[in-house]
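Enquirer: Right, I'll just put the structure down here and ask away after.
The values are calculated or read from the model by the stated rules, or taken from the named source; none is laboratory data. Since the model is a prediction, treat every value here as computed from it, not as a measurement. Backbone-built Cβ (ideal geometry, glycine too); neighbour counts: all protein chains shown. With ligands, DNA and RNA removed, areas are computed over all heavy atoms of the protein, side chains included. Shrake-Rupley method; radii C 1.70, N 1.55, O 1.52, S 1.80 Å.
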Amino acid sequence: MYTRIKKSNRLLHEKNELIHKQNIELENLNQVKDRLFGIISHDLRNPLVTLRTYLSLAEDIALPAEKKQYFKKATMQAVAQTCDMLDNLLVWANLQIKQAPPAITPINLEEGLLDVINTVQSQAAEKGITLVQQVDMKQALGEYNIITIAIRNILTNAIKFSTAGSTVHVHTLQDKNGVLISIRDAGIGMSPEQVQQLYSNDTGSTPGTAEEKGSGLGIFLVRELLQKINGSLIISSEIDKGSCFTIVLQAG
């Protein structure tokens, strides 16, 4: 009888532990869901309002040329922001729907960096920012789409928070931790509290140095994507001295 009671108590304890774990996961998913709905309702609506405003004023002959140029620039930023946000949301939704883990294979980092830099080059040129890449390690284990989306999100943020005319460095190398993709800027930087908020996914959107808007979804998505391919993200930053985001991957 004592043995049966002891076994029953152990099974009950294991079930309670499982329920507790599931409750925590459910709470986290609810927080993510609430955040995503907030992003969709706020950050998807605002660019559309900007676009509607520009289109309604574009044909106004009484509007000064400098005002039209201002609204045109704001509209271009709004469209770019919306495209990036939709890409991120689609990737995130796809991850939630597909339960199978992504296929991890050797990836050509040089090719991936070239694709991403070509994508963000116009954004950098608009602020006079120079992108410098140094590829010392050309291969790592991962999934091509996940790695390029992660790099693009970090590189877009680096441009967003860099001052006009500065330089963003992208460097791939290998050390004892694995293959590193390091993206370093000389922008406005972050406090230790802000860095901690990024690690805990407890942060919203912050305007860039040219008042660029964002959804605050990028780094959250990057960290979740990298976990799928056994990767990680290291963040270091200092106010007024820039930031460095390092993607850590397995060597291939």
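Enquirer: May I ask you to list the residues in the stretch 170-193 that are of a type in the set (D, E, K, R) and open to solvent by 70 Å² or more (accessible area, probe 1.4 Å)? I'd like the intermediate steps shown before the answer.
Expert: The initial filter retains those residues of the stretch 170-193 that are of a type in the set (D, E, K, R), namely 175-176, 184-185, 193.
K176, R184, E193, listed by residue number.
Enquirer: Do we find a residue being buried (at least 17 other Cβ atoms within 10 Å of the Cβ), at pLDDT 75 or above and more than 16 Å from the chain's Cα centre (by Cα) anywhere in the stretch 63-85?
Expert: For the stretch 63-85, residues buried (at least 17 other Cβ atoms within 10 Å of the Cβ), at pLDDT 75 or above and more than 16 Å from the chain's Cα centre (by Cα): present.
Enquirer: Pick from the stretch 204-217 the residues that are closer than 19 Å to L233 by Cβ and open to solvent by 40 Å² or more (accessible area, probe 1.4 Å): which of them is modelled with the highest pLDDT? Write out each step before concluding.
Expert: So the first thing to find is which residues in the stretch 204-217 are closer than 19 Å to L233 by Cβ, and the list is 204-206, 214-217.
With the extra rule that they be open to solvent by 40 Å² or more (accessible area, probe 1.4 Å), the set shrinks to 204-206.
Details: G204: 57, S205: 58, T206: 66.
My answer is T206.
Enquirer: Right, here's the next one. Of all the residues that make up the stretch 88-109, how many are open to solvent by 60 Å² or more (accessible area, probe 1.4 Å) and at pLDDT 75 or above? It would help to see each step written out before you state the result.
Expert: Just the residues of the stretch 88-109 that are open to solvent by 60 Å² or more (accessible area, probe 1.4 Å), to begin with: 90, 94, 96-101, 103-106, 108.
Within this subset, residues satisfying the condition of being at pLDDT 75 or above are 90, 101, 103-106, 108.
Matching residues across the stretch 88-109 total 7.
Enquirer: Being in contact (Cβ under 8 Å) with a residue 60 or more places away in the chain, surrounded by 15 or more Cβ atoms within 10 Å (Cβ to Cβ) and either closer than 30 Å to L26 by Cβ or not β-branched (V, I, T) (or both) is the requirement here; does G112 meet it?
Expert: no
Enquirer: Right, another one. Which of the following residues is modelled with pLDDT of 90 or more and in contact with a His (Cβ under 8 Å, 6 or more places away or on another chain): Q139, Q174, Q134? Show your work before the answer.
Expert: Values: Q139 fails: in contact with a His (Cβ under 8 Å, 6 or more places away or on another chain); Q174 fails: in contact with a His (Cβ under 8 Å, 6 or more places away or on another chain).
Only one candidate passes the filter, namely Q134.
Enquirer: Could you say whether any residue in the stretch 2-25 is among the acidic types (D, E), part of a helix (DSSP H, G or I), at pLDDT 80 or above and surrounded by 10 or more Cβ atoms within 10 Å (Cβ to Cβ)? Give the derivation first.
Expert: If we filter the stretch 2-25 for residues that are among the acidic types (D, E), which is where we start, we get 14, 17, 25.
Adding the requirement that they be part of a helix (DSSP H, G or I) leaves 14, 17, 25.
Retained after the next criterion (residues that are at pLDDT 80 or above): 14, 17.
Applying the additional criterion that residues be surrounded by 10 or more Cβ atoms within 10 Å (Cβ to Cβ) yields 14, 17.
Yes, the conditions are met somewhere in the stretch 2-25.
Enquirer: While we're on this one: When you scan the stretch 156-169, do you find a residue that is modelled with pLDDT of 90 or more, in contact with a Ser or Thr (Cβ under 7 Å, 6 or more places away or on another chain), in a strand (DSSP E or B) and buried (at least 18 other Cβ atoms within 10 Å of the Cβ), even just one?
Expert: Yes; the residues of the stretch 156-169 include at least one that is modelled with pLDDT of 90 or more, in contact with a Ser or Thr (Cβ under 7 Å, 6 or more places away or on another chain), in a strand (DSSP E or B) and buried (at least 18 other Cβ atoms within 10 Å of the Cβ).
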